[in-house]
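Down below is the structure, laid out as structure tokens.
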Amino acid sequence: MTRRLGVALIAVAVAGALMAPLLAPHPDDVRFAGLLNAPPTFPHIVADDGSWHAPFIYPWRLVSRLEQRYEQDRGRRVALVWLQSAAGPKGPALQDAAETRRLVRSSDEASAPLLLLGADSFGRDVFSRLLYGARISLSLAAAAALGATLVGGLVGALAGFAGGATDDVLMRATDFFMVLPAMYVALALRAVLPLVLSARQIFLLLAAIFAVVGAPFIARGVRAIVRSERALEYAIAAEALGASAPRLLVRHLLPAARGFVAVQVMLLVPAFIVAEATLSYVGLGFPDPVASWGTMLHDASTNIRVFADFPWLLSPAAAMFLVVFGLNLLLQGGDRSPKGSRSSGARSAKASRSFTLG
Amino acid sequence: MTRYVARRLAFAGLLVVCVSSASFLLARLAPGDFFTESIAAGGNPEALARARARFGLDKSIAAHYRDWLASAVRFDFGDSMLYDRPVRGLIAERAANTAVLAVTALALATAIGLPLGVFAGSRRGGLLPGAIRAASLLLLSMPPLLTSLLLVFIAARTGWFPIAGMRSASAAPSGVTLDLIRHLVVPSLAIGLPLAAMLERLQAQAMSDVIGEPFVLAALARGVPRRRVVWRDALKAALRPIAGVYGLIVGTVLSGSFAVEVITAWPGLGALMLQALRARDVYLVAGCAAAGALFLAVGTLASDLALALVDPRASEGAAAAEAA
């Protein structure tokens with residue numbers, strides 16, 4: 001049950017990210033100048049006079065420009081159009097609109113756009129940015145986790161296989177790294193590199209930094225597993241039969257670490273998502289027009305009053321929570337080890353690890 | 001035991017030296033320096049060169065590092081370029097603020113998490129333990145970044161608590177402590193709640209492991225009241241895994257306090273570190289790192305010693321493992 005819910009949450013997030021161009025009504029950088037911080041437009045099917053219609057929205061009418069207060073124009077129904085390809089620029093706000101098929105949009109994009117989660121302080125559609133942001137936040141975390149697995153696996157395998165001085169040096173180094181608060185290590189590494197970079201460079205840079213920060217957690221476990229597996233009969237037999245060291249390692253020893261690595265990756269991914277958000281929040285992440293969950297929170301918080309009055313700006317935080325929660329449920333559900341001191345040790349390591357990056 | 005303490009002390013010293021040196025070198029190696037960003041555009045080259053010389057930025061990195069290390073061992077960490085005052089005083093101020101926040105958060109987490117964990121772990125089923133467990137699972141998925149945003153949001157909507165800073169300028173002299181406490185609520189809960197959830201889960205796990213032990217059964221069979229067995233005997237046995245975790249928690253609190261300090265504008269070490277790094281204020285970066293490492297070292301040391309006191313095997317085991 002918990003496991004299924006976890007899978008469902010992750011699936012929704014990943015599907016949303018993959019299908020962002022279809023699901024999002026707008027590109028992530030389109031600004032509706034007249035709708036700064038506009039509230040969500042909920043689709044209706046029953047009009048005020050009780051008549052039924054195909055889904056439609058009521059457009060927002062600006063009441064106070066100073067307070068950015070809006071009220072619904074109940075006299076005007078704007079129909080929604082389905083699966084229509086966005087037909088190029090319609091108004092000045094839509095200059096950059098990409099030509100793509102959108103699942104649902106408003107029939108009057110220029111003056112009454114569909115804003116399922118409202119607009120941000122630049123007048124951009126939060127729902128669309130959330131989907132496009134999921135692409136960056138999730139793919140960054142996945143890439144970093146892959147990197148951490150590769151680096152950590154390599155270091156761990158080397159240390160466990162070579163033993164002796166190599167093992168000593170490598171493991172002392174990982175121990176040292178693991179004591180440090182990971183968030184500060186990531187912060188320091190990011191901050192000493194050039195501050196202004198393109199989105200692509202930032203993506204690669206952050207992935208590399210997170211991979212380095214996360215690698216020790218993988219390396220330690222892989223090393224322990226490789227060491228203990230190597231002493232088992234099957235490994236000795238393989239070696240006696242003339243298997244080369246790389247073959248022994250890759251074919252026989254490393255597969256034993258699969259379960260451990262899977263658990264670690266599920267711990268690292270949420271930590272990386274949060275780390276990206278934290279760095280972007282403090283202005284060391286992605287540059288402005290790019291949507292990631294962190295940059296959206298950054299935009300929302302330029303002034304604390306802003307998200308107190310416009311709560312939909314916090315939706316990236318909600319999305320982040322749901323993904324992290326989903327991964328945690330997956331871990332809980334997957335943990336079928338019998339009760340005992342060993343499993344509680346593993347669990348305590350897990351629980352304490354789960355937000356050292358946050 | 002003495003050898004064990006000495007070993008841990010040596011590690012703590014090494015930690016502080018390595019971390020501060022690494023950050024000094026990193027900040028020095030970073031592209032640009034403090035003066036390229038700030039007044040460079042308008043300043044005349046001579047004044048710029050003088051300012052650079054004053055802070056040692058004209059020296060080679062090796063020489064600069066050597067000089068810094070020589071004065072750092074005398075507890076002189078240089079002057080901050082950003083604040084134009086000695087780093088030592090500045091850090092002491094901010095570190096105290098972070099310590100107040102961290103200690104409050106830790107105390108809150110312990111006060112909430114441990115009793116709930118004992119309660120939830122000593123029952124096999126039931127509505128309340130289930131609810132506690134569910135609440136913990138939810139909170140465990142909320143890192144301090146999210147809890148602080150949520151709490152700031154709630155505080156801003158309701159106006160119950162201040163959302164930013166550490167003191168309000170308007171507070172009466174007599175109400176300074178009360179004012180500080182009111183400002184502490186949001187940031188310390190933001191760090192403390194996820195920690196409380198973690199402690200609750202760990203304590204519940206340890207507790208349910210211990211409840212199955214023969215000595216608990218024996219005590220119950222002999223007619224010792226259940227409440228007494230749970231809260232005195234079983235709790236004592238279940239504290240060991242928790243004590244071990246406190247060492248790791250120090251790092252977690254420091255990491256978590258970074259996001260929280262930035263979001264709630266708490267004038268602590270994390271926010272200062274961010275400022276220093278962005279401004280390439282070399283001395284301040286190294287000073288912050290040294291202070292952070294000291295926190296970490298003291299925290300791990302305290303938890304190691306506590307663990308050794310609760311369970312003598314820990315120090316012997318560690319010593320034996322290191323000797324082997």
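The values are calculated or read from the model by the stated rules, or taken from the named source; none is laboratory data. Because the structure is a prediction, the values reported are computed rather than measured. Ideal geometry is used to build each Cβ from the backbone, glycine not excepted, and the neighbour counts take in all protein chains shown.
Couple of notes before you dig in:
- Taking the criterion of being loosely packed, with under 14 Cβ neighbours inside 10 Å, within 32 Å of the chain's Cα centre (by Cα) and modelled with pLDDT under 80, the residues of the range B:13-50 that qualify are B:PRO31, B:GLY32, B:GLU37.
- Residue list for the range A:235-244, restricted to those being surrounded by 11 or more Cβ atoms within 10 Å (Cβ to Cβ) and either at pLDDT 90 or above or part of a helix (DSSP H, G or I) (or both): A:ALA235, A:ILE236, A:ALA237, A:ALA238, A:GLU239
- Residues of the range B:112-137 that turn out to be free of Cβ contacts under 8 Å to residues at least 12 places away in the same chain and among the aliphatic types (A, V, I, L, M), as a count: 4
- B:ARG278 meets each of the listed conditions (1) at the interface with chain A (Cβ under 9 Å from one of its Cβ atoms); (2) touching a Pro at 6+ places or on another chain (Cβ under 9 Å) apart from (2).
- Cross-chain or 6+ apart pairs with Cβ under 6 Å, the range B:210-233 first and without any contact (Cβ under 8 Å) to a residue 12 or more places away in the chain, then part of a helix (DSSP H, G or I) and surrounded by 14 or more Cβ atoms within 10 Å (Cβ to Cβ): B:LEU220/B:VAL229
- All helices (runs of 4 or more DSSP H) inside the range B:81-179 with 1 or more residues being over 30 Å from B:GLN205 (Cβ atoms), more than 14 Å from chain A (Cβ to nearest Cβ) and of a type in the set (Asp, Glu): B:87-121
- Some residue of the range B:216-233 being at the interface with chain A (Cβ under 9 Å from one of its Cβ atoms) and either at negative phi or over 20 Å from the mean Cα position of the chain (by Cα) (or both): no
- Among (1) over 25 Å from B:TRP68 (Cβ atoms); (2) modelled with pLDDT of 80 or more; (3) not acidic (Asp, Glu) - the single one B:ALA289 does not satisfy: (1)
- For the residues A:VAL290, A:VAL269, A:VAL213, the requirement of being closer than 26 Å to A:ARG135 by Cβ and not in a helix (DSSP H, G or I) singles out A:VAL290.
- Flag for A:ALA211 being more than 17 Å from A:VAL151 (Cβ to Cβ) and small (Gly, Ala, Ser): no
- At least 2 residues being touching a residue at least 60 places away in the same chain (Cβ under 8 Å) and within 14 Å of chain B (Cβ to nearest Cβ) is the threshold, and among the helices (runs of 4 or more DSSP H) wholly inside the range A:122-197 those reaching it are A:126-162, A:182-191.
- For first residues located in the range B:240-261 and among the polar types (S, T, N, Q), partners that are not in a helix (DSSP H, G or I) and lie 6+ apart or on another chain with Cβ distances below 7 Å form the pairs B:THR252/A:PHE355; B:THR252/A:THR356; B:SER255/A:PRO181; B:SER255/A:THR356; B:SER255/A:LEU357; B:SER255/A:GLY358; B:SER257/B:GLY268.
- Search result, residues across the range A:234-288 that are β-branched (Val, Ile, Thr) and within 14 Å of another protein chain (Cβ to nearest Cβ): A:VAL269, A:ILE273, A:VAL274, A:THR278, A:VAL282
- All positions within the range B:247-266 that are of a type in the set (A, V, I, L, M) and over 22 Å from B:HIS183 (Cβ atoms): B:LEU248, B:ILE249, B:VAL250
- Residue tally, condition crowded, with 18+ Cβ neighbours inside 10 Å and closer than 23 Å to A:PRO27 by Cα, over the range A:136-169: 5
- Hits in the range B:52-80 - residues which are buried (at least 18 other Cβ atoms within 10 Å of the Cβ), among the hydrophobic types (A, V, I, L, M, F, W, C) and in a helix (DSSP H, G or I): B:TRP68, B:ALA72
- Flag if A:ALA291 is touching a helix residue (DSSP H, G or I) at 6+ places or on another chain (Cβ under 9 Å), surrounded by fewer than 21 Cβ atoms within 10 Å (Cβ to Cβ) and away from chain B (no Cβ under 14 Å): no
- Options B:ALA302, B:ALA293, B:ALA306, B:ALA286: the member that is facing another protein chain (nearest Cβ under 9 Å) and part of a helix (DSSP H, G or I): B:ALA293
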